[in-house]
Each structure stands twice: as structure tokens, then as C-alpha cells.
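Colleague: The structure under discussion is supplied below as C-alpha cells; questions concerning it will follow.
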Amino acid sequence: MKKFRGIYLKNENEIGLLREAGRIVAAILEELRLQVAPGVRTLEFEERALELCDTYKVKPAFKGYLGYPYALCCSVNEEVVHGFPSERVLAEGDLVSFDMGVVYKGFFGDSALTVPVGKVDDVAGKLLAVTRDALFQGIDQAEVGNDLYDISRAVQKYVEGRGFSVVRRFVGHGIGKNLHEKPEVPNFAPAGAQRVSLQPGMVLAIEPMVTAGGPDVEVLSDKWTAVTKDRSLAAHFEHTVAVTKNGPVILSVRD
Ligand code: MF3
Ligand code: CO
């Protein structure tokens, strides 16, 4: 596979396979979204996600990755990312984030979204909308010739301009035949980083993680669950996006 500054460039055929992986992730997340309601145990989403992987004949990408024990990341309220599906029961007013990855014919798809449980308060509602919109602000910058960090800056500006914080500890990433490839895609302008001009064939998982309080996170004693240090609410949206001559193409969507 061709490389530009250590970043794999995918050809049309490879982008087609990533598109199929992305389509399947999107279909799974849509099913999970429809299942969200007060009273649902978060392990039920894991069970459904595994069933759907069978249905679509894909492998879950996260299970076993660096020892992560589940197919799905399910993070509630102050949990930012990498929450474990558990016996926890969702309550009205919660925010639940699903992050799902699959492998299709050796190619990865990765996407996340945050869903309100029943009716949520104004801050939670605004946090959801700002995080989702920040993702699309970032995606809009995924144009050939732009700087990679134009994506980062767009996300950060959008979020901070609305009074929320971007998480710095976790970042987006290149994706292809591996879940995590170069480059890192931060949601903030990294100090002293060199320009990386975006090339056709780059495929990026852009994933703003946003909090209603400060940007700091800590990882719980389970070694995975990342929570906001101040226990403020968090949201997470992610798409797998191809940089093409015709502009950004979101791969992790249904048709
Ligand atoms: N979307 C996340 C990421 O890109 C999920 C990884 S969870 C893990 O890093 F278990 F696979 F690490
Ligand atoms: Co990701």
C-alpha cells in the first residue's frame, strides 16, 4: 500500500472495503440506538452487538484488542470512552455513548455516537448537539491539501466557542487494515506539530470527545473506563472518513 509520510494511502478498491465495514458499523449502531430506553441493562447492547456481528459476518474489532474484554464500548454520563457494558440499568436523563468497530475482509470500520436516554436536561442536550456538530466541522476540513490539524482546530474552536472542553488524552486515528494507524487526529491544535498535508486515499477516524466541564480525564481501576476528572458529563461522536479528490466521504454511514 502506498504511503505518504508514514500514512497508508488506500486505493479505490480498499476504500470500497472500508466503506462496507463502515456501513456495517453504522447499521449496528443504528440498531443499538433504537434499543436505548430507561430500564435497559447496558450488557444487552453488547449481546445485540455480538448478534449483529454474526448477522453481518464480521468480527468485532475491539474485543481482545490490547485486552479490551468486549465488542462494544458503552460509556454512561461522566464516562468518556471505553466504558464496559455491565449490569448497569439506564435511567431517564442519562447519556449513553456507544463506540463500535468491526473487521470486514481485513478492513476496519469504527464509529461512535452518544444517545439521550428519554428526556435529558438542557446541558446534556446541548452537549450532544455540540459534539455531533463539532465532528461535522472537523469532517468538512478533511479536504485534499488542507492540513491535518485544520480538522483538529475546527473541532476545538467549535467546542470551546460553545463553552465545552475537548478531551486531550484520547485522539482520533488513521484506520485501514489496522484499527489504529498513523496519523493521530487530535481534537485540539497540538503545540509545535508539523503540517501534514491531506492526500487522496487517507482514511481517518475523527472522534471528538467533549465534556461539559474541564478537559481532564482519569482511568478507573478496571484499567479501561475513562471518566471526566470533575465527573462532568461527556459525549463522543466518531466517523470513519476518506479523504478523496471529490472531498471528504463518510464511510461509516448507511446508504
Ligand atoms: N473508537 C475507539 C478507538 O478508536 C475505540 C477503541 S476501544 C478498544 O480507539 F478497546 F479497542 F481499545
Ligand atoms: Co476510533
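Nothing in this text is a laboratory measurement; each read-out follows from the coordinates by a stated rule. Please read all numbers here as calculations on a predicted model, not as lab measurements. So basically every Cβ, Gly included, is an ideal-geometry build from the backbone, and we count neighbours across all protein chains shown.
Colleague: Which cross-chain or sequence-distant (5 or more) residues have an amide H under 5 Å from the amide H of GLU143, H modelled 1.01 Å from N in plane?
Modeller: none
Colleague: How high is the FRET efficiency from VAL40 to ASP140, r the C-beta distance, R0 45 Å, rounded to 0.05?
Modeller: Efficiency, from the Cβ-Cβ distance: 0.85.
Colleague: Say the dipole of the chain comes from +1 at the beta carbon of Lys and Arg and -1 at that of Asp and Glu; which of PHE188, ALA49, SER221 then lies farthest toward its positive end?
Modeller: Checked the options; the winner is PHE188.
Colleague: Which of SER97, SER152, SER86 moves most in a GNM of the chain, Cα contacts under 10 Å?
Modeller: Residue with maximal mean-square fluctuation among SER97, SER152, SER86: SER86.
Colleague: Over the chain, what is the mean sequence separation of C-alpha contacts under 8 Å (at least six apart), divided by residue count, expressed as relative contact order in percent?
Modeller: The value is 24 percent.
Colleague: Does a label point 7 Å from the Cα of LYS182, set along Cα-to-beta-carbon, have any residues of segment 1-17 with amide nitrogen under 13 Å, and which are they?
Modeller: In segment 1-17, the label zone of LYS182 (backbone N under 13 Å from the point 7 Å along Cα→Cβ) covers 2-9.
Colleague: Across segment 104-113, in residue order, what do the Karplus-derived ³J(HN,Hα) couplings come to in whole Hz, using 6.51 cos²θ - 1.76 cosθ + 1.60 with θ = phi - 60° and x for Gly and Pro?
Modeller: With coefficients 6.51, -1.76 and 1.60, one gets 10, 6, x, 10, 9, x, 8, 7, 9, 8 Hz.
Colleague: Could I ask something else about it? Measure out, as a whole number of angstrom, how far apart the alpha-carbon centroids of segment 122-165 and segment 171-197 sit.
Modeller: Using only Cα atoms, the two centres lie 15 Å from each other.
Colleague: Assigning unit charges at the beta carbon (Lys, Arg +1; Asp, Glu -1) and nothing else, what dipole magnitude in debye, to the nearest 20, does the chain show about its Cα centre?
Modeller: Rounded to the nearest 20 debye, it is 860 debye.
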